[in-house]
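Here the structure is laid out as structure tokens; the discussion comes afterwards.
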Amino acid sequence: MSVERIFDELGHFKRFQACLYFAAVFQAVACGIHYLASVFLVETPNFVCSVPGNITDVLYGNLTVSSLEEVLPVFKSGTGPLVVRTSEGEQWELSRCRCALRIDPKGFTYDFDGNKTVKACVGNFVYDRSEVQQSIVTDWDLVCEKEWLAKLCQPTFMLGVLIGALMFGDIADRVGRVRILMITSLCQFGLGVAVAFSGNYYFFVVLRFLLAMVSSGYLVVVFVYVTEFTGIKVRTWTSMHVHAAFAVGIMVVALTGYLVRVWWIYQIILSICTSPFLFFCWKFPETPFYLMAKGRYKDTQTLLDAIARFNGLECRLKAEDLLEPEERENGRALLEKEAEERPSQSEKKLSILDLFGSWRMAGRTCTVWAIWFIGSLGYYVFSLGSVNLGGNQYINLFLAGAVELPSYLVGCFAMDRIGRKKTCAPALLLAGVACMLIIVVPADIEVLAIALCMTGKFAIAIAFGLIYLYTCELYPTIIRSLAVGSGSMMCRVGSVVAPFCVYLADVWVYLPQLIVGILAFIIGVLTLLLPETLGKPLTTTLEEAEALGRKKQDGLEMNQHDVKA
């Protein structure tokens with residue numbers, strides 16, 4: 001089928017496609033919101049163990065105050081305990097997860113050499129609420145021995161992202177793109193609001209896991225949807241700038257987190273940000289690629305007429321014109337039969353091993369997988385770790401989202417002018433250098449550290465955005481879907497690993513940057529070994545076909561899987 005003729009006749013990105021594109025991409029903002037919302041949902045404020053009785057005096061170094069709330073904003077763990085005196089005359093030394101009762105103190109001083117009775121805190125903590133009034137950490141005391149529960153929230157969310165991408169991508173091929181867009185959008189709104197009323201930690205995690213699945217499902221299908229509605233002349237730009245909507249979602253998270261410091265109100269506001277989409281998504285048409293693949297020629301003709309009318313053109317194109325001559329001769333029934341049989345035959349013949357059919361192909365596959373992995377890992381390490389750089393955490397996260405917008409513009413221009421490889425490799429190398437420089441920057445120069453982090457995010461976003469199209473162009477037609485699908489799997493693995501990598505900052509503050517920097521630099525060098533592409537899908541060469549044990553296949557159309565992430 002020559003469905004691409006639609007765009008030559010009716011425009012590659014005219015009024016109809018533009019309206020549909022921006023409406024569909026608008027909901028992708030919600031995906032960016034929910035992916036990064038946990039940054040402030042699980043924020044842990046300063047805290048110490050509490051004691052029975054009313055506290056009348058507090059000592060911390062040379063500071064003397066009358067309540068814990070006054071000293072908590074300046075309290076630093078590991079610098080010494082807080083010494084408090086209660087109305088009953090008891091004196092306690094408080095730290096984050098321990099408290100010690102002084103035995104027979106002679107006076108109220110910071111230093112004490114006598115005996116103490118030490119015990120662990122059990123669900124009795126005082127939190128600094130000057131910055132965070134309520135988070136799930138303060139509501140459910142996810143600190144000390146329960147700290148791992150708070151840290152598990154983001155990895156479980158990313159696991160849901162992985163499963164959702166696999167599940168909804170396959171379902172969209174069976175029931176259509178529009179139905180999945182509608183279902184996942186509705187579920188994002190419903191589950192997002194439900195999270196705010198979860199009531200306990202375990203219900204919260206389950207709802208967030210389901211929310212991750214539908215958010216990922218929407219993001220995967222919307223890539224396919226907008227690509228199948230835009231012509232090849234603008235496809236690079238439209239596919240890249242779906243990521244820009246995701247970045248806007250990150251900026252919304254930062255702004256909402258700054259304005260709202262109660263987690264459940266924050267969650268509700270984030271969930272309703274893109275709710276207007278629900279009022280018009282049911283008017284979305286199915287894509288012409290899907291309609292033709294299913295043999296729905298009458299619906300295709302209705303869609304063509306609607307596109308032409310909206311674009312102010314006369315529709316001279318007929319649905320039958322999108323079929324190859326031999327296909328038209330064989331008749332519609334035969335086409336439908338072939339459409340049903342061909343996928344099943346391909347599924348029987350192809351396997352993941354076909355990506356390793358030769359040494360050259362194996363090296364290419366390993367390098368592409370590595371780019372998918374480090375792109376996702378670096379993207380989320382820079383995003384999630386931005387709040388730990390020092391300075392204002394809300395501004396840092398906002399900048400981490402804002403810096404992506406110019407990165408996609410630069411990436412698109414560079415890909416069109418110097419090629420995919422010459423854009424991807426320098427981007428990864430720049431990200432690696434930025435990570436290494438962050439390590440050597442003095443800790444007291446916060447502005448420079450933040451600037452280097454944003455440089456790294458800018459660079460990794462370019463590589464992360466272009467790898468979708470680059471993978472499609474690197475592989476022969478007969479295994480292109482396998483290549484993109486397997487690369488997407490490595491991407492999801494990177495997103496699951498990223499939160500654990502960020503938590504390594506507890507071991508050494510620069511360990512996440514060290515890991516990302518080394519990997520980005522090595523993979524950037526390996527990327528230079530990949531072949532350059534011409535900005536369009538490559539046909540199967542005879543050598544590649546023989547390596548795969550198949551005959552040369554020319555003229556095969558790239559199916560809807562080619563743009564899946």
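The values are calculated or read from the model by the stated rules, or taken from the named source; none is laboratory data. Since the model is a prediction, treat every value here as computed from it, not as a measurement. Here the Cβ positions follow ideal geometry from the backbone for every residue, glycine too, while neighbour counts run over all protein chains shown. What goes into the accessible areas is simple: the full protein's heavy atoms, side chains included, and nothing from ligands, DNA or RNA. Shrake-Rupley method; radii C 1.70, N 1.55, O 1.52, S 1.80 Å.
Table for the structure above
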{"read-out": "Check: region 47-130 dipole with +1 on Lys, Arg Cβ and -1 on Asp, Glu Cβ, in debye", "value": "260 debye"}
{"read-out": "Length added when fully stretched, I265-L353, from 0.36 nm per residue minus Cα-Cα", "value": "26.8 nm"}
{"read-out": "Length gained when the stretch W508-D444 is fully extended (0.36 nm per residue, less Cα-Cα span)", "value": "21.4 nm"}
{"read-out": "Rel. contact order, % - alpha carbon contacts under 8 angstrom, at least six apart, the chain", "value": "17 percent"}
{"read-out": "Per residue accessible area in Å² of region 47-130, where ligands, DNA and RNA are left out and the probe is 1.4 Å", "value": "55 Å²"}
{"read-out": "Share antiparallel - DSSP beta bridges, the chain, percent rounded to 5", "value": "95 percent"}
{"read-out": "Loop-located trypsin sites (Lys or Arg not before Pro) in region 1-108 whose Cβ has at most 13 other Cβ within 10 Å (DSSP)", "value": "K76, K106"}
{"read-out": "Solvent-accessible heavy-atom area per residue, rounded to whole Å², over region 192-323 at 1.4 Å", "value": "38 Å²"}
{"read-out": "Magnitude of the charge dipole, the chain, Cβ model with Lys/Arg +1 and Asp/Glu -1, debye to 20", "value": "680 debye"}
{"read-out": "Estimated distance in nm for a label pair at I418 and M167, the labels positioned 7 Å out from Cα along Cα-to-Cβ", "value": "4.3 nm"}
{"read-out": "Residues of region 367-406 with amide N under 16 Å of a point placed 7 Å along Cα→Cβ from L159", "value": "none"}
{"read-out": "Given the chain, longest segment not containing exposed loop chymotrypsin sites (Phe, Trp or Tyr not before Pro) (DSSP; at most 11 other Cβ within 10 Å)", "value": "1-279"}
{"read-out": "Percentage relative contact order, region 47-130, counting C-alpha pairs under 8 Å, at least six apart", "value": "34 percent"}
{"read-out": "Distance from region 140-208 to region 53-78 (C-alpha centre basis), Å", "value": "39 Å"}
{"read-out": "Label-to-label distance, nm, for residues given as V525 and T44 (7 Å Cα→Cβ offset)", "value": "3.7 nm"}
{"read-out": "Among (1) 109, 54, 39; (2) 103, 48, 40; (3) 110, 75, 44, the entry that matches Cα extents along the principal axes in Å as calculated here", "value": "(2)"}
{"read-out": "Equivalent ellipsoid semi-axes - Cα gyration tensor, region 47-130, angstrom", "value": "18, 14, 12"}
{"read-out": "Subset of K233/K298; K422/K457; K14/K421 violating a 24 Å alpha-carbon distance limit", "value": "K233/K298; K14/K421"}
{"read-out": "Global size of region 193-311 as Cα Rg and Dmax, reported in angstrom", "value": "18.5, 53"}
{"read-out": "Label point distance in nm, V410-K76, each placed 7 Å from Cα along Cα→Cβ", "value": "3.4 nm"}
{"read-out": "On Cα atoms only, tilt of 153-175 relative to the major axis of the chain in degrees", "value": "20 degrees"}
{"read-out": "Helix 421-440 axis, angle to the chain major axis (alpha carbon atoms, nearest 10°)", "value": "10 degrees"}
{"read-out": "Loop sites in region 85-129: GluC sites (Glu not before Pro), DSSP, at most 11 other Cβ within 10 Å", "value": "E88"}
{"read-out": "Accessible surface of the chain, 1.4 Å probe, proportion on carbon and sulfur as whole %", "value": "62 percent"}
{"read-out": "Cα long-axis angle, helix 404-418 against the chain (0 to 90 degrees, to the nearest 10)", "value": "40 degrees"}
{"read-out": "N54/C315 FRET efficiency (R0 60 Å; Cβ-Cβ; nearest 0.05)", "value": "0.15"}
